[in-house]
Amino acid sequence: MDSVGPMLGNWDDPFKMEIRRSISAWEDGPPANWAPPQPVPQQVPGPPMPVAPPQPGQPPPQAVPGPPVMQMVAPPDPVAQQLFPDAPHHGLPGVAQTRVTELAKAMASRKWQNWLVKNGPWAAMLATEFSKAQAQAQGQAPPAGGLAMPVVPPSSALPGDYASPLGATPRQDNPAF
């Protein structure tokens, strides 16, 4: 009789496999016709107006919202929504932490570093998912919109160097790249 005990320990949990499938599809690269969604102006409430200090014996005055301001907001990316679909179970503490860990591993990989150079907005998609997972792991609502990442195109780099928004500048002759 064969023992299946050791085999059972090799199966990963379904939440880990779910995010790994999403990351694997992301690593394949963007579809041929993909372009990041262009930000559109959106009116948002401005900072609250200052209020006078309360008079003795009076209730504190209510904060008055300031005048609305225009802000550039990127609409949701349908490709990102297909690769990383939202699901109710993503907010569970253990699931959210698994997603954070797996996304962090992917962002530490050479593939992610290479996508930063080739196509910064595609790399930013993974960083946005990471920030959403982090917020969920901390019990907060995921951030609205995308993550702003200053991506420097490789054409502006010195010959033999890659520009990285993370501050690292690995050289082409570096075997790790």
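Tabulated data
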read-out	value
Separation of the Gln82 and Arg110 label points, Cα + 7 Å toward Cβ, nm	2.9 nm
Cα gyration tensor shape for the stretch 1-142, rounded if a/c is under 1.5, else prolate or oblate	oblate
Residues of the stretch 48-62 with amide N under 19 Å of the 7 Å Cα→Cβ point at Val69	48-51
Label-point gap, in nm, between Val40 and Gln138 - each point 7 angstrom along Cα→Cβ	3.0 nm
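No value in this document is a laboratory result; all are computed from the given coordinates. Model, not experiment: these values are computed from the prediction. Methodologically, a virtual Cβ is constructed for each residue, glycine included, from the backbone with ideal geometry; neighbour enumeration extends over all protein chains shown.
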